[in-house]
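The values are calculated or read from the model by the stated rules, or taken from the named source; none is laboratory data. Predicted, not measured: the structure shown is a model, and the values here were computed from it. Neighbour counts are summed over all protein chains in view; Cβ atoms, including those assigned to glycine, are modelled from backbone coordinates with ideal geometry.
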Amino acid sequence: MWKNITEVPVEQNCFVCGVQGEGKLRLFDLGFFRGSRVLPLYECAGGGTRVYRVKDTLIALRNKDAEMISVEEAEGNG
C-alpha cells in the first residue's frame, strides 16, 4: 500500500514509489528516487523533522519536504 513517508513508523523499512512537487530534484540528489530503500530512524526533538537512512547516509528532512515522497512499506521490520 502506498503512503506518505511521514506516515511510516520509525524502524520500518520502505521503498520509494515516487516523488512529487517542487524541490523533487533536490530529493533525487539526496537518494530519494523510485526503488530506493529508506529507513525512518527517529523524530528530532521539537517535532517537524525526521531522520532517514538512505544509501548508508543519514538525512534529516522537514516533514513538509518529506510529504512529497510516496513509499511502500517493505515486508518485515528493520
- Message: Restricting to the range 38-78, and then to whatever is basic (Lys, Arg) and within 9 Å of the chain's Cα centre (by Cα), can you tell me which residue is farthest from ASN4 (Cα to Cα)?
- Response: ARG53
- Pull up the range 25-59, narrow it to residues that are charged (D, E, K, R) and out of contact with any strand residue (DSSP E or B) (no Cβ under 9 Å at 6 or more places or on another chain), then point me to the one that is surrounded by the most Cβ atoms within 10 Å (Cβ to Cβ). ARG26
- Task: For PHE32, indicate whether it is closer than 11 Å to SER70 by Cα, at pLDDT 95 or above and not hydroxyl-bearing (Ser, Thr, Tyr).
- Result: yes
- Within the set of pairs 6 or more residues apart or between chains, which connect a residue that is at positive phi and modelled with pLDDT of 95 or more inside the range 44-68 to a residue that is surrounded by 11 or more Cβ atoms within 10 Å (Cβ to Cβ) and in a helix (DSSP H, G or I) with Cβ atoms less than 7 Å apart? none
- Task: Sort out which residues of the range 61-70 are touching a strand residue (DSSP E or B) at 6+ places or on another chain (Cβ under 9 Å) and surrounded by fewer than 13 Cβ atoms within 10 Å (Cβ to Cβ), and write them in order of number.
- Result: ARG62
- Unmet requirement for ILE5, which otherwise passes all of (1) of a type in the set (A, V, I, L, M, F, W, C); (2) loosely packed, with under 13 Cβ neighbours inside 10 Å; (3) at pLDDT 95 or above: (2)
